[in-house]
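What follows is a set of notes on a single structure, which appears directly below.
Taken together, the values in this text are just the output of simple stated rules run on the coordinates, not laboratory data. Since the model is a prediction, treat every value here as computed from it, not as a measurement. Here the Cβ is made from the backbone with ideal geometry for all residues, glycine too, and neighbour counts use every protein chain on show.
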Amino acid sequence: MDSPSLDPRRTTTDPDPNASITCTRCQAPLGVNDKRCPFCGALQPEHVPGGVQPPRFEPAEIGITAQSQAKYNRPLVVVKARPKGPSPVAMLGGLVLLGGASYGAWSYYQAQHPPPAPSAPARPPPLPPVISSVSGLAIPDAPQADPTLLLPKIQRALFPDGEAGKLVRIQVNGSTRGYVDLTQNGPSITYTYTLPSAADPKNPRAPAALTSYTLQAQQGGPRPVTSARPEAPVPEPNCIWSAAWRAAVKSGIPQDAAVDGVYEKVGNDPRWRITVPGKPEWTREMDGMSCALKPH
């Protein structure tokens with residue numbers, strides 16, 4: 001087959017009308033009348049003053065090349081690289097730093113503004129002591145009276161003028177758990193003192209007058225009596241009644257039993273004798289000074 005003959009009128013510098021016109025820089029397709037490339041803006045050679053052809057460049061590094069655009073008749077798309085985000089390690093470090101800064105700010109605020117101290121609940125006012133009038137005498141805590149601890153009050157009631165009365169006997173009836181309930185009928189405490197009277201010239205051996213004071217709910221009172229025989233005074237006990245009762249319980253008396261007691265001189269010793277009605281085997285005697293158990 002013969003090759004087509006060349007047109008004798010066409011020179012080698014004339015453009016081939018069948019060849020596609022491309023940009024000398026980016027190889028993008030150009031129209032016949034395009035002086036500048038619509039894609040990269042380069043001035044084409046035939047329009048460069050002095051006929052100096054601009055340098056040629058390789059097609060765009062990113063996107064569709066001019067040849068591909070010309071081939072598929074698609075617009076040239078240039079895609080810019082997406083900026084890289086922070087790495088997971090950097091994000092974790094940022095969170096740790098943010099948490100540490102927040103904790104430091106919170107600690108500083110707590111130090112500068114401490115929470116108010118919780119107010120302690122207000123204590124209720126102390127209950128007033130139970131004051132009862134027993135035989136005309138005001139007794140604090142009358143439901144739990146200790147016969148021994150009432151001795152100063154009894155002395156002032158019996159001898160308001162300061163007479164030299166001396167204790168002879170303390171008698172306790174119906175005591176429970178080491179105390180006497182003077183608000184109930186039945187339990188009682190009787191104090192007996194001697195007050196030496198002036199000697200009677202006609203009867204120098206006359207016994208001294210004895211004054212007793214009975215504390216019992218709703219009855220009793222100071223009653224002077226005359227003793228048929230002289231009675232020896234006894235010193236006030238160092239072993240108080242509740243301590244004597246505890247010693248008796250320790251020796252075997254039931255602590256719930258109602259007991260009676262007498263404090264007086266036995267021979268030359270001041271003693272407590274504690275008894276349980278109907279139970280003579282539970283009788284106990286204690287030293288009035290030391291609460292030591294004594295034989296009887």
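At a Förster radius of 41 Å, what calculated FRET efficiency corresponds to the Cβ-Cβ distance of GLN184 and HIS296, to the nearest 0.05?
That gives a FRET efficiency of 0.90.
At R0 = 41 Å, how high is the FRET efficiency between GLU236 and ALA122 if r is their beta carbon distance? Nearest 0.05 is fine.
Efficiency for this residue pair is about 0.45.
When ranked by the protection proxy of mean other Cβ atoms within 10 Å per residue, highest first, what sequence do the peptides 265-272, 30-37, 177-184, 90-97 form?
So the peptides 265-272, 30-37, 177-184, 90-97, ranked by packing, come out 177-184, 265-272, 30-37, 90-97.
Please compute the modelled spin-label separation between THR283 and SER132, points set 7 Å along Cα→Cβ, answer in nm with one decimal.
With each label placed 7 Å out from Cα toward Cβ, I get 3.0 nm.
Over 21 Å between C-alpha atoms is what I'm after, so list which of LYS265/LYS294; LYS166/LYS279; LYS153/LYS250; LYS153/LYS294 land there.
LYS166/LYS279; LYS153/LYS250; LYS153/LYS294
Sort the following peptides by mean Cβ neighbour count (other Cβ atoms within 10 Å, averaged over residues), highest first: 161-168, 286-293.
Per-residue Cβ counts within 10 Å, averaged per peptide and sorted highest first, yield 286-293, 161-168.
Got a sec? How would ARG246, ARG156, ARG284 order by Cβ neighbour count within 10 Å, fewest to most? Don't skip to the answer; put the middle values down first.
Values: ARG246 16, ARG156 11, ARG284 23.
Least to most surrounded, the residues fall as ARG156, ARG246, ARG284.
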